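Data first, discussion second: the structure below is written as structure tokens.
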Amino acid sequence: MGIVQAPRNTRADRADSLMRDADTAMYRAKESGRNRWTVFDASMRDAVRERVEIEVALRAAVAQEQLSIAYQPIVAMDTGRPAGAEALCRWQHPVRGWIGPNMFIAVAEDSNLISALGAWVLRESLLQLARWRADGVVDDGFWMSVNVSPRQLGDPAFAERLGRTLRQVGVPAANLVLEITESVMVEGSDLTERVLVELRALGVRISVDDFGTGFSALGYLRRHPVTGVKIDRSFVNGLGTSAEDEEIVRAVVAMSSALHLAVVAEGVETEAQRDVLLALGVPLAQGWLWGRAVDPAAFAAAWAVRVALPAVAPSD
């Protein structure tokens, strides 16, 4: 529920603006979860105006391909060598400067831009992987990890188009890992389930991002065609200091091993965290300990020589 307070003697012609303000407050309440109510204040109107401005600029950026992709290595813990990379979309606004993905991805989701944006990120990252393979920067086992939205997975033609893109760029389907949210498993429709099955039939691997922060359970992992999980950084942060976080990670590793799922820990920043993950048997990880996401040239310069040895890839 959104609530707006009208002062006494409010003119009748202000009814429309009051309804708009109440609507704005209602959407703010919805963003906070179920069974909420929010009282409107002027800052919300400013936030809506800013969001509209970002949406307009994002539409132009997507249409004119003004966005870029940075790549963060996903390393094999036993060797410290990259086994893959995650493709992360970046946007530098001509006036505002760098706009965080938490902001513009949310705008893209709400404005139906996410499908066009997601398709562009997929194609560009696969093209980059094809270039690295051709230039000998990475070996044949190296994979690209790309986030996909629930809206993309609700498109009945998504798997078919992706298969066509993989053939066009010359990248094997097994070298692509699609990262989905836990909500896809919990709230997904029959159509979404069918698309996931079609993606696995192509040979594409599917990993659950930010695992442990949502509502998924063992039953969901068994029922859906996923091949791996990513342990959320909120559990990695406490490793070395929090016994509870260590036990959570231990349980995720044991469960994943029983289900033959690949495990990646994200947000690794310290050697202490790395050492605990190694002791717990986590095979793959990413984080600032090995480097931030960088442009393709910087990635090749930093990692080309190091990936000469066979990389460890997630199991099918």
Test: E244 is modelled with pLDDT of 90 or more, in contact with a Gly (Cβ under 8 Å, 6 or more places away or on another chain), open to solvent by 70 Å² or more (accessible area, probe 1.4 Å) and among the acidic types (D, E): no
Which listed residue, of A83, A22, is under 30 Å from W288 (Cα atoms) and either in contact with a strand residue (DSSP E or B) (Cβ under 7 Å, 6 or more places away or on another chain) or surrounded by 18 or more Cβ atoms within 10 Å (Cβ to Cβ) (or both): A83
Number of positions in the stretch 144-168 that are crowded, with 17+ Cβ neighbours inside 10 Å and among the basic types (K, R): 0
Enumeration of residues in the stretch 123-143 that are part of a helix (DSSP H, G or I), open to solvent by 10 Å² or more (accessible area, probe 1.4 Å) and either in contact with a Leu (Cβ under 6 Å, 6 or more places away or on another chain) or of a type in the set (A, V, I, L, M) (or both): L127, A130, A134
Where a residue in the stretch 94-120 is of a type in the set (D, E) and its partner, wherever it lies, is part of a loop (DSSP other than H, G, I, E, B), with Cβ under 7 Å and at least six apart: E109/S149
Test: residue in the stretch 111-125 that is modelled with pLDDT of 95 or more, over 18 Å from the mean Cα position of the chain (by Cα) and closer than 13 Å to L176 by Cβ: no
Residue check, Q72 modelled with pLDDT of 80 or more, in a strand (DSSP E or B), polar (S, T, N, Q) and surrounded by 15 or more Cβ atoms within 10 Å (Cβ to Cβ): yes
Residues of the stretch 267-282 that turn out to be surrounded by fewer than 22 Cβ atoms within 10 Å (Cβ to Cβ) and part of a loop (DSSP other than H, G, I, E, B), as a count: 4
Index of the failed condition, G267 passing every other in (1) free of Cβ contacts under 8 Å to residues at least 60 places away in the same chain; (2) within 30 Å of R167 (Cβ to Cβ): (2)
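The values are calculated or read from the model by the stated rules, or taken from the named source; none is laboratory data. None of these values were measured; they are calculated from a predicted model. We place every Cβ from the backbone using ideal geometry, glycine too, and count neighbours over all the protein chains shown. Just so you know, the surface numbers come from the protein's heavy atoms only, side chains and all, with ligands and any DNA or RNA stripped out. Shrake-Rupley method; radii C 1.70, N 1.55, O 1.52, S 1.80 Å.
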